[in-house]
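Trainee: One structure follows; several queries about it will come next.
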Amino acid sequence: MDVEILSRIQFAYTVAFHYIYPPLSIGLGLILVIMEGLYLRTGRKEYEQMTRFWIKIFALIFGLGVATGIVMEFEFGTNWATYSRYVGDIFGSALAAEGIFAFALESGFLGVLLFGWDRVTPVVHFISTLMVWLGSMFSAVWIVVANSWQQTPAGYHIVGEGLEARAEITDFWAMVFNPSSMDRLWHVWIGAFLAGAFLVMSVNAWYILKRRHEGIARPAFKIALVVAIVASLAQLFTGHRSAEIVAEYQPAKLAALEGHYDSLAPADLYLFGWVNQQQQKTVGLALPGGVSFLTHGDFQAPIRGLNSFAPDERPTQVNAIFQLYHLMVAIGMVLIGLSLLGAWMWYRGRLFQTRWLLHVFVWAVLLPQIANQAGWFAAEMGRQPWVVYGLLRTSDALSRTVTANQVLFSLILFAVVYTVLFLLFLYLLHRKIQHGPAAVETLSEESEAYSRRENPLMHPPASPA
């Protein structure tokens, strides 16, 4: 394999591994805010217990996310030097904004979140939980903005010529609010909420099946289920809006996502199928004109097919893009079905007695992760052969001095290290889940012991009023 393919594989591998963790941080952060908010509102110990327990899981996920994300920034310089020079003004400003507005906010309050339970007042601790969650949300903002600019560039001009050309910002806010950024951001956020919700439901469904910690497992499951219901239904709208943006600004990608070859002909909506790239034909179960209707409100509206683009200006791995996209959509519909089925069983009072459904929820934790990965792969592969759509080709974005053997060696090294990290993550996560939440009596004893030390932060003096 040549340098381009190996560099793409390496970056895809590191990004895919890293992207296991940020969605969980964002989704779990939202649920932590809800749990601790309920504790402040009601004073019920079960909400305190579940919040303390899931903060431990959050800390593990957050740590792995930070460690695995740093590598990608170095890859920009080692493997993609031309790209880094071309988009440095754009990407650099977004990454700087992430550091200032997101990472600083997260890290500033993370210590209070993890170690402040018995050292600050409950309100201060809740504010810390809220700030850490907002920091993770802001982090996603700037990463999605930078990536979306590559999909739909705006607010820039080109300086220089040839391989020395680079993009400079002319309008910062036009760059931030480029045509696809906000719709893609909502899509990413909601996918993260689903990842966090199904993680919480999975663990608590397992506790309920094992008849362990049921006093907190049941209310925690219900909290996550409410988040999953809202998020899964909202994802329908954000997904549709994102597809409309792709249809308007990246028609070649839309054609690849839907396996549509015919030039300016109505496009069918495939539920599933297979793309024969040699024959330039897609076979499967389809709704005739479905894509045309969803895009233009008319079953007969023509959609540009892949044949209307020059061979060197359209994606090459059409079947892979088609399958990944339809896998994401299919999982999205399954998540809606599971969430609504859980709501129906809850309404009927049979949610925690239906053991087969609880077993399904235990394993359903994998589905949002698969959907998130499939969606990103489809989006990035569908952008090819452009790394910045319509401006910079992937083949031109590489470092000129890096050899294929060097990339292959580092790829093998990353694979070994990341595999060890993932196994360590699973081991530590398993241990924390097996240990479970601390008992109410233990928490009460710890709080009373700390109270006897008369900590002024935990027990501030009464106000003169």
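Trainee: Do we have any residue at all in region 297-319 that's at pLDDT below 90, among the acidic types (Asp, Glu) and either in a helix (DSSP H, G or I) or crowded, with 16+ Cβ neighbours inside 10 Å (or both)?
Mentor: Yes, region 297-319 contains at least one residue that is at pLDDT below 90, among the acidic types (Asp, Glu) and either in a helix (DSSP H, G or I) or crowded, with 16+ Cβ neighbours inside 10 Å (or both).
Trainee: Using the structure shown, decide if PHE322 is hydrophobic (A, V, I, L, M, F, W, C), more than 23 Å from PRO23 (Cβ to Cβ) and surrounded by 19 or more Cβ atoms within 10 Å (Cβ to Cβ).
Mentor: Yes.
Trainee: Looking at this structure, is PHE322 touching a Gly at 6+ places or on another chain (Cβ under 9 Å), touching a residue at least 60 places away in the same chain (Cβ under 8 Å) and either under 28 Å from THR394 (Cβ atoms) or not in a helix (DSSP H, G or I) (or both)?
Mentor: Answer is yes for this residue.
Trainee: Need the failing condition index for GLY111 against (1) surrounded by 15 or more Cβ atoms within 10 Å (Cβ to Cβ); (2) farther than 26 Å from VAL246 by Cα, just the number.
Mentor: Checking GLY111 against (1) surrounded by 15 or more Cβ atoms within 10 Å (Cβ to Cβ); (2) farther than 26 Å from VAL246 by Cα, the one that fails is (1).
Trainee: Taking region 360-384 as the search range and keeping residues that are in a helix (DSSP H, G or I) and of a type in the set (S, T, N, Q), which one is farthest from LEU338 (Cα to Cα)?
Mentor: Here the residue is GLN373.
Trainee: Continuing with this model, one more query. Return the only residue of GLY349, GLY342 being not aromatic (Phe, Trp, Tyr) and not in a helix (DSSP H, G or I).
Mentor: None of the other options fit; the residue is GLY349.
Trainee: Pick out, from region 31-150, the helices (runs of 4 or more DSSP H) lying fully within it that include 2 or more residues that are modelled with pLDDT under 90, in contact with a Ser or Thr (Cβ under 6 Å, 6 or more places away or on another chain) and of a type outside the set (Ser, Thr, Tyr).
Mentor: 45-78, 104-115
Residues are listed down the side, and each one gets a yes or a no for (1) within 26 Å of the chain's Cα centre (by Cα); (2) more than 30 Å from THR394 (Cα to Cα); (3) buried (at least 18 other Cβ atoms within 10 Å of the Cβ):
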site: ILE245; (1), (2), (3): yes, no, yes
site: ALA255; (1), (2), (3): yes, no, yes
site: GLU258; (1), (2), (3): yes, no, yes
site: GLN279; (1), (2), (3): no, no, no
site: THR282; (1), (2), (3): no, no, yes
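Trainee: Here are the criteria: (1) surrounded by 14 or more Cβ atoms within 10 Å (Cβ to Cβ); (2) at pLDDT 90 or above; (3) in contact with a strand residue (DSSP E or B) (Cβ under 7 Å, 6 or more places away or on another chain). Tell me which single one ALA267 does not satisfy.
Mentor: Just one mismatch for ALA267, condition (2).
Trainee: If a residue has to be among the charged types (D, E, K, R) and within 12 Å of LEU254 (Cα to Cα) to count, how many in region 292-310 make the cut?
Mentor: 1
Trainee: Go through region 379-410 and report how many residues are surrounded by fewer than 17 Cβ atoms within 10 Å (Cβ to Cβ) and hydrophobic (A, V, I, L, M, F, W, C).
Mentor: 4
Trainee: In the set VAL387, VAL402, which member is under 21 Å from the mean Cα position of the chain (by Cα) and not in a helix (DSSP H, G or I)?
Mentor: Exactly one residue qualifies, and that residue is VAL387.
Trainee: Of the residues that sit in region 192-229 and are without any contact (Cβ under 8 Å) to a residue 24 or more places away in the chain and assigned to a loop (DSSP other than H, G, I, E, B), which one is farthest from TRP376 (Cα to Cα)?
Mentor: For region 192-229, the residue satisfying everything is ARG211.
Trainee: Then there is this: For region 361-412, name all the residues that are of a type in the set (Asp, Glu) and modelled with pLDDT under 90.
Mentor: Answer for region 361-412, where residues must be of a type in the set (Asp, Glu) and modelled with pLDDT under 90: just ASP396.
Trainee: Applying the selection to region 156-191, what residues are farther than 30 Å from GLY29 by Cβ and part of a loop (DSSP other than H, G, I, E, B)?
Mentor: Hits for region 156-191 are GLY160, GLU161, ALA165, THR170, ASP171.
Trainee: Moving on. Take TYR86 and tell me if it is over 19 Å from VAL203 (Cβ atoms), under 23 Å from the mean Cα position of the chain (by Cα) and of a type in the set (Ser, Thr, Tyr).
Mentor: Taking the combined requirement at face value, the residue does not satisfy it.
Trainee: So which residues in region 284-296 are touching a strand residue (DSSP E or B) at 6+ places or on another chain (Cβ under 6 Å), in a helix (DSSP H, G or I) and either touching a residue at least 24 places away in the same chain (Cβ under 8 Å) or loosely packed, with under 13 Cβ neighbours inside 10 Å (or both), if there are any at all?
Mentor: Answer for region 284-296, where residues must be touching a strand residue (DSSP E or B) at 6+ places or on another chain (Cβ under 6 Å), in a helix (DSSP H, G or I) and either touching a residue at least 24 places away in the same chain (Cβ under 8 Å) or loosely packed, with under 13 Cβ neighbours inside 10 Å (or both): VAL291, SER292.
The values are calculated or read from the model by the stated rules, or taken from the named source; none is laboratory data. Just so we're clear, the structure is a prediction, and the values are computed from it rather than from any experiment. Every residue, glycine as well, gets a Cβ built from its backbone with ideal geometry; the counts of neighbours run over all protein chains shown.
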